[in-house]
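The values are calculated or read from the model by the stated rules, or taken from the named source; none is laboratory data. This structure is a prediction, so every number in the text was calculated from the model and none was measured. Methodologically, a virtual Cβ is constructed for each residue, glycine included, from the backbone with ideal geometry; neighbour enumeration extends over all protein chains shown. Please note that ligands, DNA and RNA were not included when accessible areas were found on the heavy atoms of the full protein model with its side chains. Shrake-Rupley method; radii C 1.70, N 1.55, O 1.52, S 1.80 Å.
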Amino acid sequence: MMKIAIIGSGSWGSALAKVLSENKHDTVLWGRKQTIIDEINQTHTNEKYLPNVSLPKEIKATTSLSEAVSNASMIILVVPTNAMRQMAQELNPLLEDQAQAPVIVHASKGLEMNTQLRISEVLTEVLNKDNYQDVVVLSGPSHAEEVARQDVTTLTAASDNLEAAQAVQQAFMNRYFRVYTNTDVIGVELGGALKNIIAVGAGIISGLGYGDNAKAALITRGLAEISRLGTARGADPLTFIGLSGVGDLIVTCTSPHSRNFQAGTLIAKGYSRAEVSEKMFMVVEGILTVKVAYELAKEYDIDMPITEMLYLALYTDKKISVEDAIESLMLREGKQEESLDK
Ligand SMILES: NC(=O)C1=CN([C@@H]2O[C@H](COP(=O)(O)OP(=O)(O)OC[C@H]3O[C@@H](n4cnc5c(N)ncnc54)[C@H](OP(=O)(O)O)[C@@H]3O)[C@@H](O)[C@H]2O)C=CC1
Ligand SMILES: O=C(CO)COP(=O)(O)O
């Protein structure tokens, strides 16, 4: 058993802390809001982010980053993608004097705005490489609410160093939480980040009353465009038919638990991007990732028609209605079906 620090006491950080504590690890959960930290310590709940869940009383919560990471063998970052750089900068000096360099894990899903970097790229860019062992990505179809009630869940731990991925696998595995390893970090991170875009689209078509045919079309063609961009960025195409690809697409595009899906239903009701962000108090990564993916698609000259339509609807004043966007997707030139070329 080891000390594991979880950085981020939102839905996913709290659910992961619950799993690790149930696995008897010395689990410390860091968050920036004293009220939430006090609630976790005193009533063993986090009603804002994980309602109606009893957390193990052994979880120690703190607002002190140095207390959280001191002597931790594993540090798991679970803050929104665009807070990762800042968190890594704050972690850097705290890792200087550790007796043993920790494994760094992240379990978030997005691409950094402005730099277009994957989260592991941000972490390796910022963290002093002498002060940590490896970076591991934990991803896959896993709603926090379901993990918290011990529903059967499968994930992927990916790292360039298989042994580091195996360490994460061992820390988390139990009768309801099964972890596979993978060495395709690029594919696992891109699958997790880009599926959020398609989940926003799924929420939109559901909100507009389209049926299961449309949903299946969106998931399948969404997977095709995720795979095209992913392989152009160096991912193994097979990764996209794994847990962090099609697995996560299925879970987020078909579930009302998904915040990205919920955001899509609000867009279908006519709310603007700013209004949706305001109404959803939890992080909706897909709305930001649309912009980054659109820019990458242009840069790499990749056809990503669903992403492009969402970008036009959310980020431009073209005033394209969702119905018009769907019609224009449907009426594009007829094509031959294949997964990677067009
Ligand atoms: N929820 C889920 O089921 C899953 C989520 N994920 C991914 O995990 C990541 C986190 O999501 P999730 O936990 O659900 O998000 P939530 O919205 O539930 O929680 C976000 C957490 O991040 C904190 N936070 C926000 N901004 C900052 C910042 N600038 N610096 C430090 N902390 C900050 C919030 O703190 P505060 O309360 O102080 O604002 C809160 O604790 C996302 O990338 C998401 O895609 C992955 C798998 C499953
Ligand atoms: O990534 C998730 C499940 O695997 C959670 O998705 P949402 O952020 O859309 O809720």
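Expressed in nm to one decimal, what extension gain is obtained for the pair residue 183 and residue 47 from 0.36 nm per residue of sequence separation less their Cα-Cα distance? If you can, show how the numbers build up before the last one.
Values: separation 136, 0.36 × 136 = 48.96 nm, distance 3.60 nm.
Using 0.36 nm per residue and subtracting the Cα-Cα distance, I get 45.4 nm.
Taking the chain, how much of its Cα-Cα pair set, in percent, is spaced more than 38 angstrom apart?
Tail of P(r) above 38 Å: 14 percent of Cα pairs.
For the chain, what is the calculated [θ] at 222 nm in deg cm²/dmol (nearest 500), taking -39500 (n - 2.57) for each run of four or more DSSP H residues and dividing by its residue count?
On the way: 15 runs with 164 residues, N = 342.
Theoretical 222 nm ellipticity from helices: -14500 deg cm²/dmol.
For the chain, find the longest principal axis of its Cα atoms and tell me its angle to the long axis of helix 11-22, 0 to 90°, nearest 10.
40
Using protein chains only and a probe of 1.4 angstrom, how many square angstrom of residue 281 are accessible, to the nearest 10?
110
List the equivalent ellipsoid semi-axes of segment 168-239 in whole Å, largest first, each obtained as the square root of 5λ for an eigenvalue λ of the Cα gyration tensor. Could you put the intermediate results ahead of the total?
Details: eigenvalues 147, 66, 16 Å².
Whole-Å semi-axes of the equivalent ellipsoid: 27, 18, 9.
Between 0 and 90 degrees, rounded to the nearest ten: what's the tilt of helix 305-315 against the longest Cα principal axis of the chain?
That helix lies at roughly 80 degrees to the long axis.
Taking every pair of alpha-carbon atoms in segment 3-183, what share in percent sits in each 5 Å bin, from 0 to the bin with the longest distance?
1, 9, 18, 23, 22, 16, 8, 2, 0
Rounded to the nearest Å, what's the spacing between the alpha carbon centres of segment 201-251 and segment 124-171? Just the number, please.
Cα centroid to Cα centroid, the span is 22 Å.
At a probe size of 1.4 Å, how large is the accessible area of residue 126, to the nearest 10 Å²?
30
Relative to the longest principal axis of the C-alpha atoms of the chain, give the angle of the C-alpha long axis of helix 84-94, reported between 0 and 90° and rounded to the nearest 10°.
So the helix axis and the longest Cα principal axis differ by about 20 degrees.
In terms of modelled amide H atoms, which long-range or inter-chain residues lie less than 5 Å from the amide H of residue 117?
Amide H neighbours of residue 117, under 5 Å, 5+ apart: 112.
Could you please report the charge total around residue 330, scoring K, R as +1 and D, E as -1 over all other residues with beta-carbon less than 13 angstrom from its beta-carbon?
Numbers: positive: 221, 332, 335; negative: 323, 324, 327, 333.
For residues surrounding residue 330, the net value is -1.
So how strong a dipole does the chain carry about its Cα centre when Lys and Arg Cβ are +1 and Asp and Glu Cβ are -1, to the nearest 20 debye?
So the magnitude is around 720 debye.
Where does segment 232-309 land on the Kirkwood hydrodynamic radius, alpha-carbon pairs, in angstrom? Write out the running numbers ahead of the final one.
Working: mean 1/r = 0.0711 Å⁻¹.
One over the average 1/r among Cα pairs gives 14.1 Å for segment 232-309.
Roll a 1.4 Å probe over the protein heavy atoms and report the accessible area of residue 132 in Å², nearest 10.
Estimated to the nearest 10 Å², residue 132 gives 30 Å².
Calculate the length of the line joining the C-alpha centroid of segment 20-51 to that of segment 68-86, in whole Å.
First find each Cα centre; the distance between them is then 15 Å.
Using only alpha-carbon positions, what ratio does the radius of gyration of segment 201-335 give when scaled by 2.2 N^0.38 Å? Write out the running numbers ahead of the final one.
Details: Rg = 14.3 Å, N = 135, 2.2 N^0.38 = 14.2 Å.
Relative to the rule-of-thumb radius for its length, segment 201-335 sits at 1.01.
Work out how far the C-alpha atoms of segment 107-197 reach from end to end along every principal axis, then list the three figures in whole Å, largest first.
36, 32, 19
Each residue of segment 133-146 in order: what ³J(HN,Hα) in whole Hz does its phi give by Karplus 6.51 cos²θ - 1.76 cosθ + 1.60, θ = phi - 60°, with x for Gly and Pro?
Per-residue couplings from phi come out as 8, 8, 10, 10, 9, 10, 8, x, x, 7, 6, 3, 4, 6 Hz.
Against the globular-protein guess of 2.2 N^0.38 Å, express the Cα radius of gyration of segment 27-89 as a ratio, rounded to two decimals.
Working: Rg = 12.1 Å, N = 63, 2.2 N^0.38 = 10.6 Å.
Expressed relative to 2.2 N^0.38 Å, the Cα Rg reads 1.14.
Which residues' amide hydrogens lie under 5 Å from the amide hydrogen of residue 105, considering only partners 5 or more residues apart or on another chain, with H built in the peptide plane?
Correct list: 75, 76, 77, 136.
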